[in-house]
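Peer 1: Dropping a structure here in structure tokens format, bear with me for questions.
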Amino acid sequence: MAETIVITGGAGFLGSHLSERLVAEGCSVVCLDDFCTGTPANVAHLAGNPAFRLIRCDVTEHMEVAGQVDAVLHFASPASPADYLEMPIETLRVGSVGTINALELARHKQARFLLASTSEVYGDPLVHPQGEDYWGNVNPVGPRGVYDEAKRFSEALTVAYRKNYKVDTTIVRIFNTYGPRMRPNDGRAIPTFIRQALGGEPITVSGDGTQTRSVCYVSDLVEGVLRLLRSSHPGPMNIGNPCELSVLQLAETIRRMTGTRSAVTFIPRPTDDPRVRQPRIDLAGEVLGWKPEVGLEDGLARTVEWFRQQASRADRAEPRIRAPR
Ligand code: NAD
């Protein structure tokens, strides 16, 4: 019988790619999403498939799924700084109450549980690169604390359910991931730079742009997450691309690849913005035989192409008022 996988946040960026891949592999997928940052449009191409169900629900309110469930993937949470700064309480609720509800579902169904955690648990790290044994440097009362601490709490909950209720759990610490279906206005660096470059607007780099990021293409992330799901490893496990570059280099690369005339300009750096970010991925290599396959330029080219298509679709959908001749 086909496996049934529940994905909270399944209509979001990562959740939609996971849903697509699992349906293609022959699984039944049930997405639970309240669409606060995701959209049914992300999974519209799966809508007619009998192996796919999308249920609108806030996972902090209730979580019920009839029948057998083999795995619960808990991805529901605002994820971009712009989103979680606008929804601080919702972010803390979905990381706490939402995680309890997702763990309870896994417990009652005797399903494997996978928590989508984040490299943000490392905060502004004092150790570089970051391995899973690093405890992090998070400011709990800073603006980013609502997200970082929600994820740290949800990791602690997951470990407690494993220990006390013997739920088969695992934790993936996801580093910055990018690709098609990111929202152009979600405030994360790559979609922002691409939107600005394609729109001919200035490309806004925060600070002096020397802060680093290590960015992973979405198909590599999905592969790593599914290998972890199908292993028996409890995590936490980093999944990300260790190819580190400065935010200014990222902006310049996007500028060159889009052929834009937009100039790079500098804006103030957000409070507690991490100075460096790079995953150690030895554990994923040893346990899962996983490493990223998609290079930066290849991944960016696919993402830019998708943003271009979206922009031209939007142009066709909105007839412009013609200027008089
Ligand atoms: P996203 O905002 O596109 O997806 C999150 C989804 O969760 C959305 O569809 C949203 O509507 C849904 N959601 C939020 N609160 C909900 C609630 N209370 N009930 C039901 N649905 C709810 O973000 P994403 O980038 O796809 O991130 C998905 C997960 O991966 C998040 O948990 C995030 O913390 C984690 N993560 C992502 C990245 C990344 O680079 N994309 C990095 C680290 C961790």
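Read-outs: derived from the displayed coordinates by stated rules, not from any lab. All values reported here derive from a predicted model rather than from experimental measurement. Here the Cβ is made from the backbone with ideal geometry for all residues, glycine too, and neighbour counts use every protein chain on show.
Peer 1: Arranged from highest to lowest average of other beta-carbon atoms within 10 Å per residue, in what order do the peptides 302-313, 219-230 appear?
Peer 2: 219-230, 302-313
Peer 1: Ranked from highest to lowest mean number of other Cβ atoms within 10 Å per residue, what is the order of the peptides 260-268, 2-10?
Peer 2: Going from most to least packed, we get 2-10, 260-268.
Peer 1: Same structure, new question: Dipole of the chain, Cα-centred, from +1 at each Lys and Arg C-beta and -1 at each Asp and Glu C-beta, to the nearest 20 debye?
Peer 2: Using Cβ point charges on Lys, Arg, Asp and Glu, the chain gives about 700 debye.
Peer 1: Something else: Listing V72, V247, V172 from the residue with the fewest other Cβ atoms within 10 Å to the one with the most, what is the order?
Peer 2: Arranged by neighbour count, lowest to highest, V72, V247, V172 become V247, V172, V72.
Peer 1: When the chain is modelled as a GNM with alpha-carbon springs shorter than 10 Å, which of E20, E286, E132 fluctuates the most?
Peer 2: Of the options given, E286 has the highest mean-square fluctuation.
Peer 1: Could I have the simple spin-label model distance between V159 and L126, label points 7 Å from Cα toward Cβ, reported in nm to one decimal?
Peer 2: Spacing of the two 7 Å Cα→Cβ label points: 1.9 nm.
Peer 1: Count the DSSP beta bridges whose two residues both fall in the chain, then state the antiparallel fraction as a percent rounded to the nearest 5.
Peer 2: 10 percent
Peer 1: Still on this structure, I have one more. Considering only DSSP states other than H, G, I, E and B, which trypsin sites (Lys or Arg not before Pro) in region 136-183 qualify as loop sites with at most 15 other Cβ atoms within 10 Å?
Peer 2: For trypsin sites (Lys or Arg not before Pro) across region 136-183 that sit outside H, G, I, E and B with at most 15 neighbouring Cβ atoms in 10 Å, the list reads K166.
Peer 1: Moving to a separate point now. For the residues C216, C243, C27, what sequence is obtained by ranking on other C-beta atoms within 10 Å, fewest first?
Peer 2: Ranking C216, C243, C27 by Cβ neighbours within 10 Å, fewest first, gives C243, C27, C216.
Peer 1: Using a Gaussian network model on the chain with a 10 Å cutoff between Cα atoms, which of L250, L18, L283 fluctuates the most?
Peer 2: L283
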